[in-house]
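Here's the structure, in structure tokens; my notes come after.
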Amino acid sequence: MGRGYLPESVVLVAVGLIVGHTLPSARSVVSADLVLFVLVPGLVFDAAFDIEWRVARRLLPALIGLAVPGVVVSALVVAFALNAQLLMPFAIAFTVGAITAATDPVAVVATLERLDMPHRLRTLVEGESLLNDGTGLVLVALAIQAATGTFDVAEGALLFVITVVVSVAAGVAAGIIGSFAVRGSRFSPLAFLVTLVLAYATFAVAQLTGLSGVLATVVGGTTLGTLLRRSWSDHVLAERIDRMWSTIALALSALTFFAIGLVIDLPSLGDALGPIAIGVVAVIAARALIVYVPFALVRPRVPVGWAHVLMWSGLRGAIAFAAALALPLAFPRRLDVQEIVFGVVLVTLVAQALMAPALVRRAVPAQARD
């Protein structure tokens, strides 16, 4: 990858910003349901299908730590910052924190796609971004409930754990069922259609039944990919399916970044620069806390440069964007929350994506890359 590489995500967001500014009426085309139910499932499934369980299994403690307590800690840091600096009610501030807590798989995978990184590091970064989106959206639902009605912390914590566990179980079941259906089809285009139905059906059913659609789809995609790669004949079929998904994901990714740019109104964000700046600083500080503190305490047998890459891979994107769009119309200070979230998404998506290539080159020595 050349030093002058400009991420496609940044280009597409910029094009969306220009089109949205020129044709404001075009923004009405983009909705939370479009992003969540049309764009996200395919992108999440494609990334999850590529994850190798034998590698991810060794990284599981770190992945779970980042995706569960890490998401909660990040949401709390942002909430305390907004509450202290803006006097924003804590429940509303926590909602902002929950929305911006998870890194985004669409943005992370698109940014890292062309970077020369060790396989384990890539699995850690992409795996975390996939898992914490699922837990992040569960936390968003609880935060909205807390901000708009009565809420019991103990019951909320229990519901969070139950939702995550059941979503994982549903994903495993979907992946196992899908493996039988794919093996039964054998014909590659038909097998791909089976995975397409599996991805979107798993997401929709989980989401509409109160589970985490992202988490169920991630686990389903990883389970299916792992089962199909166990034998040589199935492995060949899996690679053919993967190539078809890569084409679909490329189109979905382009539409996602364009949609983000299309909806964001730069003049309105300009009026909220102060709150956005506080949100961005809080998000980055929270990310540093959940990455560097465990790294210093546990001291895993990995280069310190990996922690730097993991820290800077905390881009926010489609999930935070969709969650902000989906806030109930009666949600208190809804526009303020959306402006902060959109600002955080824009800054992290553009700034961190542009800086990621240089960071990887400096943090990961060439001889340590695959």
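The values are calculated or read from the model by the stated rules, or taken from the named source; none is laboratory data. Keep in mind the model is a prediction, meaning the values are calculated, not measured. FYI the Cβ positions are ideal-geometry reconstructions off the backbone, even for glycines, and counts take in every protein chain you see. These accessible areas exclude ligands, DNA and RNA; they are computed on the full protein's heavy atoms, side chains included. Shrake-Rupley method; radii C 1.70, N 1.55, O 1.52, S 1.80 Å.
Evaluate the following for GLY156: is it within 30 Å of THR95 (Cβ to Cβ), modelled with pLDDT under 90 and touching a Leu at 6+ places or on another chain (Cβ under 8 Å)? In short, yes. Given the condition closer than 23 Å to VAL68 by Cα and of a type in the set (Lys, Arg), answer yes or no: does some residue in segment 280-297 qualify? Yes, the conditions are met somewhere in segment 280-297.
Against the condition of a type outside the set (Gly, Ala, Ser) and modelled with pLDDT under 85, how does LEU137 come out, does it pass?
no
Every listed requirement among (1) outside any helix (DSSP H, G or I); (2) farther than 30 Å from ASP33 by Cα is met by LEU315 save one, (2).
Being at pLDDT 85 or above and surrounded by 15 or more Cβ atoms within 10 Å (Cβ to Cβ) narrows it down to one of VAL29, VAL11, VAL40, so name that one. The conditions single out VAL40. Residues in segment 246-265 include at least one that is aliphatic (A, V, I, L, M), open to solvent by 60 Å² or more (accessible area, probe 1.4 Å) and in contact (Cβ under 8 Å) with a residue 60 or more places away in the chain. The single condition among (1) in contact with a helix residue (DSSP H, G or I) (Cβ under 8 Å, 6 or more places away or on another chain); (2) at pLDDT 80 or above; (3) closer than 26 Å to GLY343 by Cα that PHE49 does not satisfy is (3). Could you list, in sequence order, all residues of segment 10-44 that are in contact (Cβ under 8 Å) with a residue 60 or more places away in the chain and among the small types (Gly, Ala, Ser)? Matches in segment 10-44: ALA14, GLY16, GLY20, ALA26, SER31, ALA32, GLY42.
Screening the candidates LEU354, LEU329, LEU297, LEU310 for the property of being open to solvent by 10 Å² or more (accessible area, probe 1.4 Å), assigned to a helix (DSSP H, G or I), without any contact (Cβ under 8 Å) to a residue 12 or more places away in the chain and of a type in the set (A, V, I, L, M, F, W, C) yields one hit, LEU297. Would you confirm whether or not segment 103-118 contains a residue that is assigned to a helix (DSSP H, G or I), small (Gly, Ala, Ser) and modelled with pLDDT of 85 or more? No - not one qualifying residue is present in segment 103-118. Filtering segment 219-242 to residues that are among the charged types (D, E, K, R) and either at pLDDT 90 or above or touching a helix residue (DSSP H, G or I) at 6+ places or on another chain (Cβ under 7 Å) (or both) leaves ARG229, ASP234, ARG240, ASP242.
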